[in-house]
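This report concerns only the one structure given below.
What follows draws every value from the coordinates through simple rules; no lab data is involved. Values in this document were obtained by computation on a predicted structure and should not be read as measured data. Here the Cβ is made from the backbone with ideal geometry for all residues, glycine too, and neighbour counts use every protein chain on show.
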Number of protein chains: 2
Amino acid sequence: MPKVHNFSPGPSILPRQAMEAGSRACLEFQGTGLSLLEMSHRGKEFIGVMNEAISLVKELLGVPAGYSVAFLQGGASLQFAMVPFNLTDEGDTAAYTDTGTWASKALKEAKMFCNVKVLASSKEANYNFIPKNYEIPKDVRYFHVTSNNTIYGTQLQTFPNSPVPLIADMSSDIFSRPVDVSKFGLIYAGAQKNMGIAGTTLVIVKDELLGKVKRKIPSMLDYKLQIENESMYNTPPVFAVYMAMETLRWVKQQGGVAAMQKRNEEKARRLYAEIEANPLFKGTCAVEDRSRMNVTFVMHKPELEGAFNKAAEAAGLSGLKGHRSVGGFRASIYNAMDVDGIDALVTVMRDFAKANA
Amino acid sequence: MPKVHNFSPGPSILPRQAMEAGSRACLEFQGTGLSLLEMSHRGKEFIGVMNEAISLVKELLGVPAGYSVAFLQGGASLQFAMVPFNLTDEGDTAAYTDTGTWASKALKEAKMFCNVKVLASSKEANYNFIPKNYEIPKDVRYFHVTSNNTIYGTQLQTFPNSPVPLIADMSSDIFSRPVDVSKFGLIYAGAQKNMGIAGTTLVIVKDELLGKVKRKIPSMLDYKLQIENESMYNTPPVFAVYMAMETLRWVKQQGGVAAMQKRNEEKARRLYAEIEANPLFKGTCAVEDRSRMNVTFVMHKPELEGAFNKAAEAAGLSGLKGHRSVGGFRASIYNAMDVDGIDALVTVMRDFAKANA
C-alpha cells in the first residue's frame, strides 16, 4: 500500500508520533502497569497530563495573565450555546459576522439567548469571501467571528480591533499561526483539526468576562465553574486531553506556532500556485481571503471530477472530496500535513492535466 | 512487576481485548492505512462503528421498539441538566430520591429548570441505605433515581413501578445485569465504568417523551435533534464510541448481561463474605442495599488503614482507597474485573488479618 496522505477536513491528520504515543498509552502508561484508558482522572498521572496540556496552550499561544484555559466537551457546537449562555442576559445584544456554515450555526444558536446583530454576511456569494466593511457597535455584549471557514476555504488574515470583547471560533486554524490572545475575550476550538482528536474543546477566556450575568447556567455549561475546577468538574475526556497534550508537544518540538505558520504558508503557496497554473482547476474563493488550512478548488470541466478523484485515491490521497455546499475538492492541510503531502497532490494534479490535455 | 488489579471507581478497568483493539486502532484501522484517530466521522468505517455500538446496546439490553439510543458527550453531569431541560417546562415538577452525591447533584441541577420534589433521602445516614418507603406522585413530569451509588456502595436491587416516566442514572452499573428497559422513560450512563472510556455518555430514551416542552433547548442539548442526527449532529467523540463498541462486543462474547450478572454476583458474594468473616473489617452499608459494583468497607481500627493500603498496593491492588465521604476502602468491581482480582484482594485481607491478629 502506498503511504496515505490524509486531507480529511476533520477529524484529520495528526502527528505520527502523537498517534504512536496514544497507541502505547492504551496498553500501559508511565510504568503504572495500567492503561491510560482505565486510570482515575484524579490520579497524579492524569493530573500531570491535564496540567501539561494547559501549560502548552499557554506557552504556545503566549496566553497573557488574566486569562484561563479549559478543556471541555461538546465540540464547537456546544460553544455556540455556551458563549451567549455565559456572556449575555436576556435582552442583551451580541454581534456576529456570517462567513460560513459554522458562523451561521453559531449566530442561530445565540438567538435562543439574546438579540443578534449580523454585521455582515457573504452568504449570497456562497461564502466565497470574508466581508470587511462593517462597524462593530459599542453597545453589544461581544462580537463573534469564525477565524477559518473549513467548508468554504476562507480565513481571516487579520483579526479586527473590537471595542467589545472579541470571541473567535478557531476550531480549524488554532495553533496554525501566532495570535495575539490579548485582543480576544474568548477563543474556542474543537480539538479535531490542529489539536488532537474529537472529544475535547479548548476554551481560552478572559477571566473578567465571567460571572457577570444574572441567568442560571447549568453547571457543565458554566465556564467559571469549569475553570474553578481546573477542567475536572466531572470526569474529563481523558484520552482526548492526552492526545491534545501529545499534539501540542509536537507543535512545540517543531518550533511552535511561528514555525507552523511558516510551514503552512509554504504548503498553501505551493498548492494555490498549482491551482492557478493548472489549466483544469480553479480556486473557489477571493484570493485575499484564501485559507491556509482548507484549500477549496473545482474543475473547469466538472465531468472530469470523478476521474480526478479516482486518480487521487489511487495515489494514496485521501479525504479530498469537497463539501457538498461547494462541490469539487477540498485539501485540508492542517499542521500535521507535511510538504511531501502537498507535493504528492500537486504531482497528481499535473499528471492528470497532462493526461487530459 | 506483579499483575495490577485495577479497583479504580472510574475511569476504571476495561476488558484487555478492548484496550488492545484501541491500541491497534490508534495506528491503523480496517486496512485503510489511516489511524481511527484521524478518520472522518462521516466515512463508512466510523459510521459502521457507531451503528454497531448502537446495535449492541439495543441487543444486550433488549431495548424495545419506540426507544432510541444515542451516544453524547458531557458525562452524566450534563444529563443532570439535559433531563429537566428536555422533559419539563418552567413551573412543572419532577420527583427525585436523594441516595448519594450524584443523586444530590442531579436534583440540584434540576432546580434550575423546574420544581423538585425530593421523595426520600438517606443523607442523614451518610447515604448508607436506599430509602424505600415513599409514594411516587402522579402529577410530576418524571421520577429520577440513581441505580448505583458509586461513592457510598449502595444499589437499587429492583426498580420501582412508576406512574410517571422513570429516569435512571445507570452510570456505574449499566450492562452489569439485565434491566427491563420498558419500565423506563430514559436511562443515561457515562461510559467510563462498565461501557468504555471517559468521553461519551449513553442515552436510551422513549421517543414519545421528546418534543413535548415549550422551552427552547440548545441544539447540542436537544435529545430529539441528537437522535434525528444519529448521534452525529456534530463530530462525535470517535475514539470513545469505538471503545464502547469494543467493550460491548466483549460483554456479548462473555454471554451478555445475564452472564455478567452471574459473575458480578459471585464476585460480590466472595468479597462481602470476607468482609463479614474478617475480624478487622466491616461493611458500611445496609446489607440488603449493598452494591455489586462498588464494595465499601472500613476497618474496626482505623489506625491500621495506612498499613493495609500499603499491603494492598504491594500486592498489585490499585485504586482501593475509599472516597473521602466514606473513608476506608472501596473496591470497584465492574464487569471487567475478573474473579482472580477478587481472590487477590481476599487473600491480602486474610493475610493482613493473620499478621495483625
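A few remarks follow.
- Computed over the protein assembly as shown, the per-residue total of -39500 (n - 2.57) for DSSP H runs of n ≥ 4 gives a 222 nm mean residue ellipticity of -11000 deg cm²/dmol, rounded to 500.
- For the segment B:7-14, counting C-beta atoms of other chains within 10 Å of every residue's C-beta and taking the mean gives 5.
- Whole-number percent relative contact order across segment B:270-357, with pairs defined as alpha carbons under 8 Å at least 6 apart: 32
- GNM top mover of A:T101, A:T200, A:T347 - chain A, alpha-carbon springs below 10 Å: A:T347
- Counting DSSP beta bridges with both ends in segment B:16-253, the antiparallel % (nearest 5): 45
- An oblate overall shape is assigned to chain A, the ratio a/c of its alpha-carbon gyration tensor axes (a ≥ b ≥ c) being 1.5 or greater and a/b not exceeding b/c.
- Here the Gaussian network model covers chain B, with springs between Cα atoms less than 10 Å apart; of B:A336, B:A120, B:A240, B:A120 fluctuates the most.
- Counting other Cβ atoms within 10 Å as a rough exposure proxy, the listed residues B:D169, B:D222, A:D207 run A:D207, B:D222, B:D169 from fewest neighbours to most.
- By the rule of a C-alpha distance below 12 Å, with chain neighbours fewer than 8 residues away ignored, the aspartates and glutamates paired with B:K216 are A:E109, B:D89, B:E90.
- For B:N161, neighbours were defined as the other residues whose beta-carbon sits under 15 Å from its Cβ, and their charges (Lys and Arg +1, Asp and Glu -1) total +1.
- The stretch between A:A258 and A:N51 holds 72.2 nm of extra length on full extension. This uses 0.36 nm per residue minus the Cα-Cα distance.
- Point-charge dipole on Cβ atoms (K/R +1, D/E -1) for segment B:256-355, about Cα centre, debye to 20: 120
- The peptide list B:252-258, B:30-36, put in order of mean Cβ contacts within 10 Å with the highest first, becomes B:30-36, B:252-258.
- Projecting the Cα positions of A:I174, A:C114, A:Y142 onto the charge dipole of segment A:55-183 (unit charges on Cβ atoms of Lys, Arg, Asp and Glu, taken about the Cα centre) puts A:I174 furthest along the positive direction.
- Computed label-point distance, nm, for sites B:K183 and B:T93 using a 7 Å Cα→Cβ extension: 2.5
- For A:K267, the lysines whose Cα falls under 20 Å of its own Cα, not counting residues fewer than eight places away in the same chain, are A:K3, A:K193, A:K252, A:K282, A:K321.
- Mean separation of Cα contacts under 8 Å (6+ apart) over length of segment B:284-334, as relative contact order %: 45
- Each Lys and Arg adds +1 at its Cβ and each Asp and Glu adds -1 at its Cβ; summed about the Cα centre, the protein assembly as shown shows a dipole of about 220 debye.
- Cα gyration tensor category, rounded, prolate or oblate, for segment A:55-164 with a/c compared to 1.5: rounded
- Where the Cα pairs of segment B:256-355 fall when distances are cut into 10 Å bins, in %: 15, 53, 28, 4, 0
- Between A:N133 and A:V339, the simple spin-label model (points 7 angstrom out along Cα→Cβ) gives 4.0 nm.
- Applying 1/(1 + (r/R0)^6) with r as the Cβ-Cβ distance of B:N309 and B:A273 and R0 = 30 angstrom yields a FRET efficiency of 0.90.
- The stretch between A:E228 and A:Q30 holds 68.5 nm of extra length on full extension. This uses 0.36 nm per residue minus the Cα-Cα distance.
- Of B:A125, B:A244, B:A76, the one that fluctuates the most in a GNM where chain B has Cα springs shorter than 10 Å: B:A125
- The phi-based Karplus calculation (6.51 cos²θ - 1.76 cosθ + 1.60; θ = phi - 60°) puts the 3J(HN,Hα) values of segment B:294-304 at 10, 9, 9, 8, 10, 10, 4, 10, x, 5, 8 Hz, whole numbers, x for Gly and Pro.
- Per residue of peptide A:18-28, the mean number of Cβ atoms on other chains within 10 Å of the residue Cβ is 6.
- J(HN,Hα) series, segment B:36-44, from Karplus relation 6.51 cos²θ - 1.76 cosθ + 1.60, nearest Hz, glycine and proline x: 4, 5, 10, 9, 4, 6, 8, x, 5
- Normalised contact order of chain A, rounded percent, pairs of Cα under 8 Å and 6 or more residues apart: 23
- Selection among B:L209, B:G62, B:G153 by position relative to the dipole of segment B:16-253 gives B:G153 as farthest towards the positive end (Cβ unit charges, Cα centre).
- Antiparallel %, DSSP beta bridges [both residues in the protein assembly as shown], to 5: 55
- Largest to smallest principal axis extent of the C-alpha atoms in the protein assembly as shown, angstrom: 87, 56, 51
- Centre-to-centre, using Cα atoms only, segment A:108-178 and segment B:291-315 are separated by 56 Å.
- With the label put 7 angstrom out from Cα along the Cα-to-Cβ vector, B:G91 ends up 2.1 nm from the copy partners, going from closest to farthest.
- Using θ = phi - 60° and Karplus 6.51 cos²θ - 1.76 cosθ + 1.60, couplings along segment B:52-64 (whole Hz; Gly, Pro as x): 5, 4, 5, 4, 5, 4, 5, 5, 5, 9, x, 5, x
- Net length gained if the chain between B:A120 and B:T347 were fully extended (0.36 nm per residue, minus Cα distance): 77.8 nm
- With K and R counted +1 and D and E -1, the other residues having a Cβ less than 11 Å from that of B:N335 yield a net charge of +3.
- Averaged over the residues of A:216-229, the number of partner chain Cβ atoms lying within 10 Å of the residue Cβ comes to 3.
- Neighbour counts of other Cβ atoms within 10 Å put A:V346, B:V295 in the fewest-to-most order A:V346, B:V295.
- Segment A:1-71 versus segment B:182-233: alpha-carbon centroid distance in Å: 28
- Exposure proxy ranking, count of Cβ atoms within 10 Å, fewest first, for B:S55, B:S291, B:S231: B:S55, B:S231, B:S291
- Only Lys, Arg (+1) and Asp, Glu (-1) charged, at Cβ; chain B dipole about Cα centre in debye: 380
- For segment A:1-110, GluC sites (Glu not before Pro) meeting the loop criterion (DSSP other than H, G, I, E, B) and having at most 12 other Cβ atoms within 10 Å: A:E90.
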